[in-house]
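Step one of this worksheet: look at the structure below.
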Amino acid sequence: MSNIAENLKIVEENIENACKRVGRSRESVEMIIVTKTATAEEICEVVKLGYSNFGENRIPHLKQVSQEVAKFILETNAEVRKPTLPSHISWQMIGHLQRNKVKQILPLVSSIHSLDTLRLAEEINTAAGKLQMKPKVYLQVNCSGEPQKYGVPVGAATYLAEQICTMPHLQLIGMMTMAPLTEDQDRIRSSFRRAKEIFDDIRDLEFHESKFKYLSMGMSNDYEIAIEEGATHLRIGSAIFRN
Ligand SMILES: *Cc1c(COP(=O)(O)O)cnc(C)c1O
């Protein structure tokens, strides 16, 4: 087995065990495979194993690898009588998004996890309107209490969520957060717990027509804690693509 296949097997086992520990079904958790350090060839290997949900934060890399992966799928499926690979790959923008990159990114991704300011929301809403799109977005909240560069502060999260929901070309489907940069498991857990509380608070408000239901948290170093604390979407990169 290749390293990637082996790494995936380990991650899948860990996800399943974490789900069992807290009585969740495996289907309640989705893994987004983060490709920022991967080559197109490595991503194709993952596609061959049946995975089709990927996350990126670098636009040039996203453009390059998404084209190569699409080509690989077309060519492979054309060679065999029954298609063997997923026909559609879904790409998520998970990292910081500059306002002047919004127009480029919209046609390439099926969701944006990093919406954290009113100005960015307005920019996406306007660009989406022109393209006649209605992108799915997650509100990124800084739950770690440390001065991270990105993410709306906890105290302003509900207000921003409310603002986003008044914009006709955005669908607010959930919330995203990143754990503090630390090895301290208790601090990671308490920041995820905080995220879940804010997520529940926003979910219980009326303004979003019940579309708000996903909690994107957990990366290679903390995805098991994230599952235990209620994540619905994990964003995992280095645990899969490391040698
Ligand atoms: C890189 C990245 C990840 C994945 O991180 P790993 O530690 O490699 O699993 C998840 N989310 C965001 C926003 C990232 O930039």
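Somewhere in segment 86-101, is a residue among the basic types (Lys, Arg) and surrounded by 13 or more Cβ atoms within 10 Å (Cβ to Cβ)? The answer is yes; a qualifying residue exists. Arg203 satisfies every condition listed in (1) free of Cβ contacts under 8 Å to residues at least 12 places away in the same chain; (2) in a helix (DSSP H, G or I); (3) within 14 Å of the ligand (Cβ to nearest atom) except (3). Do we have any residue at all in segment 158-179 that's closer than 27 Å to Gly237 by Cα and exposed (fewer than 14 other Cβ atoms within 10 Å of the Cβ)? Among the residues of segment 158-179, not one is closer than 27 Å to Gly237 by Cα and exposed (fewer than 14 other Cβ atoms within 10 Å of the Cβ), which makes the answer no. Within segment 126-147, the set of residues being among the small types (Gly, Ala, Ser) and assigned to a helix (DSSP H, G or I) comprises Ala127, Ala128, Gly129. Just one of (1) touching a Gly at 6+ places or on another chain (Cβ under 8 Å); (2) closer than 23 Å to Asn57 by Cα; (3) outside any loop (DSSP other than H, G, I, E, B) fails for Met178. It is (3).
Among the conditions (1) closer than 27 Å to Gly218 by Cβ; (2) touching a Cys at 6+ places or on another chain (Cβ under 8 Å), Glu68 misses just one, which is (1).
Within segment 148-157, the residues that satisfy the criterion of being outside any strand (DSSP E or B) and either in contact (Cβ under 8 Å) with a residue 24 or more places away in the chain or closer than 16 Å to His113 by Cα (or both) are Gln148, Lys149, Tyr150, Gly151, Val154, Ala157. In segment 206-217, the qualifying residues are those that are over 30 Å from Asn14 (Cβ atoms) and in contact with a helix residue (DSSP H, G or I) (Cβ under 7 Å, 6 or more places away or on another chain), and the one that is surrounded by the most Cβ atoms within 10 Å (Cβ to Cβ) is His208.
For segment 218-242, which positions are in a loop (DSSP other than H, G, I, E, B), more than 9 Å from the ligand (Cβ to nearest atom) and either free of Cβ contacts under 8 Å to residues at least 24 places away in the same chain or buried (at least 21 other Cβ atoms within 10 Å of the Cβ) (or both)? Scanning segment 218-242 gives Glu229, Ala231. Just one of (1) surrounded by fewer than 19 Cβ atoms within 10 Å (Cβ to Cβ); (2) modelled with pLDDT under 95 fails for Ser144. It is (1).
Quick grid of which residues meet (1) under 19 Å from the mean Cα position of the chain (by Cα); (2) over 16 Å from Pro86 (Cβ atoms); (3) of a type outside the set (A, V, I, L, M, F, W, C); (4) loosely packed, with under 15 Cβ neighbours inside 10 Å:
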{"site": "Asn7", "(1), (2), (3), (4)": "no, yes, yes, no"}
{"site": "Gly23", "(1), (2), (3), (4)": "no, yes, yes, yes"}
{"site": "Val29", "(1), (2), (3), (4)": "yes, yes, no, no"}
{"site": "Glu42", "(1), (2), (3), (4)": "no, yes, yes, no"}
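The residue pairs whose first member lies in segment 184-198 and is over 15 Å from Gln140 (Cβ atoms), whose second member is in a helix (DSSP H, G or I), and whose beta carbons are closer than 8 Å, counting only pairs six or more residues apart or on different chains, are Gln185/Ile225; Ile188/Ile225; Arg189/Ile225; Arg189/Glu228. Based on what the data block shows, is Glu79 modelled with pLDDT under 95 and loosely packed, with under 13 Cβ neighbours inside 10 Å? Yes.
You will find that of Leu215, Leu172, Leu160, the residue that is at negative phi, at pLDDT 95 or above, more than 16 Å from the ligand (Cβ to nearest atom) and assigned to a strand (DSSP E or B) is Leu172 and no other. Just one of the numbered conditions (1) farther than 19 Å from Asp201 by Cβ; (2) touching a residue at least 60 places away in the same chain (Cβ under 8 Å) is not true of Ile112: (2).
Filtered by the rule that a residue be in contact with a strand residue (DSSP E or B) (Cβ under 9 Å, 6 or more places away or on another chain) and more than 16 Å from the ligand (Cβ to nearest atom), segment 119-129 gives Ala121, Ile124.
The values are calculated or read from the model by the stated rules, or taken from the named source; none is laboratory data. These numbers were taken from a predicted model, which means no experiment stands behind them. Backbone-built Cβ (ideal geometry, glycine too); neighbour counts: all protein chains shown.
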